[in-house]
1. How shielded is A:42-49 by partner chains, expressed as the average number of their Cβ atoms within 10 Å of its Cβ atoms?
2. Which residue, B:S92, B:H74, B:F62, has the largest displacement toward the positive end of the dipole of segment B:55-108 when charges sit on each Cβ (Lys, Arg +1; Asp, Glu -1)?
3. Can you list the residues, at least 5 places off or on another chain, whose amide H is less than 5 Å from the amide H of B:R106, using H built in the peptide plane?
4. Just in segment B:26-111: which GluC sites (Glu not before Pro) are loop by DSSP and have at most 11 other Cβ atoms within 10 Å?
5. Test of the criteria: in segment A:1-102, which trypsin sites (Lys or Arg not before Pro) are in a DSSP loop and have at most 11 other Cβ atoms within 10 angstrom of their Cβ?
6. What FRET efficiency comes out for the pair B:N2/A:D64, r = Cβ-Cβ distance, R0 = 25 Å, nearest 0.05?
7. When a/c reaches 1.5 or more, the comparison of a/b and b/c decides; with that in mind, is chain A rounded, prolate or oblate per its Cα gyration tensor?
8. Relative to a virtual label point 7 Å from the Cα of B:S83 in the Cα→beta-carbon direction, which members of segment B:4-19 show backbone nitrogen distances below 19 Å?
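Every number here is computed from the coordinates shown, using simple stated rules; none is lab data. A quick note: this is a predicted structure, and the numbers were derived from the prediction, not measured. Cβ coordinates were reconstructed from backbone atoms using ideal geometry, including for glycine residues, and neighbour counts include every protein chain displayed.
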Amino acid sequence: SAVISQKPSRDICQRGTSLTIQCQVDSQVTMMFWYRQQPGQSLTLIATANQGSEATYESGFVIDKFPISRPNLTFSTLTVSNMSPEDSSIYLCSARLAGGQAGELFFGEGSRLTVL
Amino acid sequence: GNSVTQMEGPVTLSEEAFLTINCTYTATGYPSLFWYVQYPGEGLQLLLKATKADDKGSNKGFEATYRKETTSFHLEKGSVQVSDSAVYFCASGGGFQKLVFGTGTRLLVSP
């Protein structure tokens, strides 16, 4: 089992600003991911956070808009840059534990961003 | 690419009623299938999984069977409780494949 802490849990942001979300895992992990959950839609994978190197982004997501860091095994940040109202969403951090079952991910509670 | 379709909610039931939440998938190859659950104020957590055709995953009274012929993985429970109220997500993938999630189905159980 694992506890994944995300902060902030929610925020209201102004258009054009940037916000960084932090994610901390309390266990040994192999992989960390960032997802977006827009209202009424499924979870969409943004990127895989790679320790000490550039993240691997999914189609439709770019580093300039969603820079991601993972300076060590258990910590990662996601920045949502130059925000617009379309970025209003829940952003979820998840992790696969070392020795965990294939496909079993642990999730944080999410960060709910509202962009005005 | 892979995709998952699940029934829209909310599903509203009385305590001790029978629950079915439908889920179908499209995939290349033979993915593993999962149900995740998100209780109010908590993160998603794995509820059950099945890794090959005809496998049945089960946990906390919930069951789902991997049906290759109908590409389905419907979630069932014989008698729901108020504490089962949550959002349920079907997903496919696993291993070296990305997990692809459905849109989630909210279950509301009243006493």
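1. Mean shielding by partner chains, rounded to a whole number: 4.
2. Positive-end residue among those listed: B:S92.
3. B:G9, B:V11, B:Y88
4. Answer in residue order: B:E69.
5. Listed in order of number, the matching sites are A:R15.
6. 0.35
7. prolate
8. Residues B:13-19 qualify, since their backbone N sits under 19 Å from the label point.
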